[in-house]
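Down below is the structure, laid out as structure tokens.
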Amino acid sequence: LSPLIDDVRPGLAYAEMRGIDGDARAWIARARDVLRAFALPFCYGVGANALAARAAAFAAPGGICPAGAERALLAPLPLSLLELDGGTLERLHLLGIDRLGDLARLPHGPFVRRFGTAAARWHALARGVDRTPFVPRGHAVAIEAAIFGEGHADDEAQVFFALRVLLARICADLERCGKRAGALRLDVELENGATTLFEVPMAIPTAQEQAMLDVLRAKLEGAIFDAPIVGLRLRALRLEEGGEAQSLFVAADVDPQRVAVAIARIEAALGERVRRARTKPAHAFDERFAYDPFEPPKREAFERLAPETAPPRAERIVPQLRLLAVREIPVRLRGGEPAYAGDPLRAVLECSGPWRIGTGDGERDEYDVLLADGELCRIYRQGAHWYLRGAYD
């Protein structure tokens, strides 16, 4: 259905469907097909955010909440959809607030002052605005291949031929996943029903078929089986990322022609031009990167990069913006600029901005502020509310 699943709690899960083929009706039909084998009652809903999708599963026609209709869909639904604690629900009921529509009509400021900062999120949810981060679950990758019921092997040549076939499948899957195997597990099933297990560690994690075959051959040499082999199952264990940092060229022996040939081969494999990544000044995080067509430098440039002539590079520490889960924070202004910010409030020693940033929700003003405790962070104002965007490391 989707590679990204957020297991919120038993009985509730969200699937990220952006980029998945089809429309909302097709997604619901596909989900029904996937889960039909389980004898459980399921409800399906599609929406622009998690709360809208959950509400659509119970209240929207066809289980679909159109974009922009979140507030109207939520208005008649009970407050229990927000999963508030019993004491808060009782206080709201005493004030005559029984539905999400009643909560959405309350003035934001007085409501938050009375119920605390958490009430800002309740008010936003009641209006159909859900900024809850999507946290996809991890995936366990199992790479294995097996041969059963295809005759039996009486001599080692037949066994090693079958192992080569299995290793070809294993290595193809490893390459497809970008992984390397640190160990192999071989299950050998005999004609008399017995099963023998071999754990084969690799000296270095690899995805090379010949290296794996050599280790397996050494492990199996001298093994004696009581009956012909009728089945083999091979699994790759201790998977690691397949990327490995290696230099293509030695700085003292760089030939521009070799560089040009390497680039031509890369472009032939990718089907597109090779580009060089660079950073550029920009206040929006996603606008700080640019890609230029890569051109091989001339020989003189390579010679200047030789270790014995390379100029010393001046060290410069550039703070890196670390994005955080967006949350609303209190901010006090002085002369139109933030003077106090954070939770708890701290004095703003220096302030840069504002920068007008366009987003899917409209426009907002972003600021970089240095707080009294030394924290440098990015905050922004959208409408009358202030939010923490990230912190600099």
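The values are calculated or read from the model by the stated rules, or taken from the named source; none is laboratory data. The structure displayed is predicted, hence computed values, not measured ones. A quick note on method: Cβ atoms are made from the backbone with ideal geometry, for glycine too, and the neighbour counts reach across all protein chains shown. Side chains included, ligands, DNA and RNA excluded: accessible areas come from the protein's heavy atoms. Shrake-Rupley method; radii C 1.70, N 1.55, O 1.52, S 1.80 Å.
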Exercise. In the set Ala26, Ala55, which member is open to solvent by less than 30 Å² (accessible area, probe 1.4 Å) and of a type in the set (Gly, Ala, Ser)?
Worked result: Ala55
Exercise. Name the residues in the range 353-371 that are modelled with pLDDT of 85 or more and either more than 24 Å from Val129 (Cβ to Cβ) or open to solvent by 50 Å² or more (accessible area, probe 1.4 Å) (or both), would you?
Worked result: Asp368, Val369, Leu370, Leu371
For this session: Determine, yes or no, whether Ala104 is among the small types (Gly, Ala, Ser), open to solvent by 20 Å² or more (accessible area, probe 1.4 Å), under 26 Å from Ile329 (Cβ atoms) and within 34 Å of the chain's Cα centre (by Cα).
Result: no
Problem set entry | Exclusive hit being open to solvent by 80 Å² or more (accessible area, probe 1.4 Å), assigned to a helix (DSSP H, G or I), under 25 Å from Pro330 (Cα atoms) and modelled with pLDDT under 90, set Arg114, Arg131, Arg91 | Arg114
For this session: Please indicate, with yes or no, whether at least one residue in the range 327-340 is of a type in the set (Lys, Arg), open to solvent by 80 Å² or more (accessible area, probe 1.4 Å), touching a strand residue (DSSP E or B) at 6+ places or on another chain (Cβ under 9 Å) and touching a residue at least 12 places away in the same chain (Cβ under 8 Å).
Result: yes
Problem set entry | Hey, Ala37 over 18 Å from Ala52 (Cβ atoms) and either in contact with a His (Cβ under 9 Å, 6 or more places away or on another chain) or among the aliphatic types (A, V, I, L, M) (or both) or not | yes
Exercise. Residue check: is Glu83 within 27 Å of the chain's Cα centre (by Cα) and crowded, with 17+ Cβ neighbours inside 10 Å?
Worked result: no
Problem set entry | Residue that is over 30 Å from Pro344 (Cβ atoms), open to solvent by less than 70 Å² (accessible area, probe 1.4 Å), in a strand (DSSP E or B) and in contact (Cβ under 8 Å) with a residue 24 or more places away in the chain, where the choices are Ala162, Ala146, Ala168 | Ala146
Problem set entry | When residues of the range 115-148 are limited to those that are among the basic types (Lys, Arg) and under 21 Å from Asp102 (Cα atoms), the one farthest from the chain's Cα centre (by Cα) | Arg127
Exercise. If Gly374 passes every condition in (1) open to solvent by 60 Å² or more (accessible area, probe 1.4 Å); (2) not in a strand (DSSP E or B) but one, which one does it miss?
Worked result: (1)
Exercise. If you check Val254 against the conditions, is it open to solvent by 50 Å² or more (accessible area, probe 1.4 Å) and either among the aromatic types (Phe, Trp, Tyr) or at pLDDT below 70 (or both)?
Worked result: no
Problem set entry | Sole exception among (1) loosely packed, with under 13 Cβ neighbours inside 10 Å; (2) at pLDDT below 85; (3) within 38 Å of the chain's Cα centre (by Cα) for Glu199, by number | (2)
